[in-house]
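Read-outs throughout are calculated quantities, based only on the coordinates presented, and are distinct from any laboratory measurement. Given the structure is predicted, the values throughout are model-derived calculations rather than measurements. Positions of Cβ are generated from backbone atoms using ideal geometry, with glycine treated the same way; all protein chains shown enter the neighbour counts.
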Amino acid sequence: MDSNNILSLLGLALRGGRLVMGEEPVEAVARARDARVLLLASDAADNTRRRVEHFADAGQCLWLRVPFTKAELGRQLGRTSVAVAAVTDVGLASAVVNKLAQLDPQTYGDAAERLELKAKRAAERRAEQQAHERNLRTGKRKAKKAAPPEEPAAAKAPSRKPRTPVRPAGEDAPKRRKSRPSKENRPKPRTDPYAHSRPVKKGKGSFRKKEQS
């Protein structure tokens, strides 16, 4: 396997926005748990290696020292030199490590198997999500469970009518109260509007006396 294929794959990941370079960007994606594998140049310093190990522990991801120098990685990725990079897509990370495993199975074989398993699980989850979204768009729902078969009429218990209470002998049935009509429907009492008025007294100035005089 030609090592140029691995470098070309890293360049493809960079153009697709699935690769970051530099200690600070790599630390950011690792702490956000967006990194899938961290790649360390073969001639990187020990301090850089310790920081990369710390980034991998914080982001719970793999880190590998690749057989490329800082200058080789930088030349492929458009930089002067690149000491550390991170691949954020699990499919591309699995492809890169698989190609590294073909170059050196003893060093990269275990990491390739782990990333391949993660990539397979991610693809299954993606397929389930797409199927769910497709069902939502088409209005397809899960089939309802069939109702259990009804029992035959002979097997059903006979229904019993409620028993009426038996009154002792000589006791009359309770009388039902008549409902009173509403206020609107009740008859209004007839009253004389002048019942409480005082009679008018005939005085000297009454019109009847004037007529008689």
Using every alpha carbon pair in segment 11-73, what percent of pairs falls into each 10 Å bin from 0 up to the bin containing the largest distance?
23, 57, 20, 0
Computed ³J(HN,Hα) along segment 129-134: with the Karplus parameters 6.51/-1.76/1.60, θ = phi - 60°, integer Hz and x for glycine or proline, the list is 5, 5, 5, 5, 5, 5
Residues meeting the amide H criterion for Arg65 (H placed from the backbone, H to H distance under 5 Å, 5 or more places apart or on another chain) are Leu40
Need the full-extension length gain, Ala28 to Asp46, defined as separation in residues times 0.36 nm minus the C-alpha distance. One decimal, nm.
4.4 nm
Can you tell me how much longer the chain between Glu113 and His132 gets when fully stretched, taken as 0.36 nm per residue apart minus their C-alpha distance, in nm with one decimal?
3.9 nm
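Please report the net charge: other residues with Cβ closer than 10 Å to the Cβ of Ala122, K and R +1, D and E -1. List each step's numbers first, then the result.
Values: positive: Arg36, Lys118, Lys120, Arg121, Arg125, Arg126; negative: Asp89, Glu124.
Net charge around Ala122: +4.
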Site Arg65, offset 7 angstrom along Cα→Cβ, radius 19 Å on amide nitrogen, limited to segment 1-21, gives none
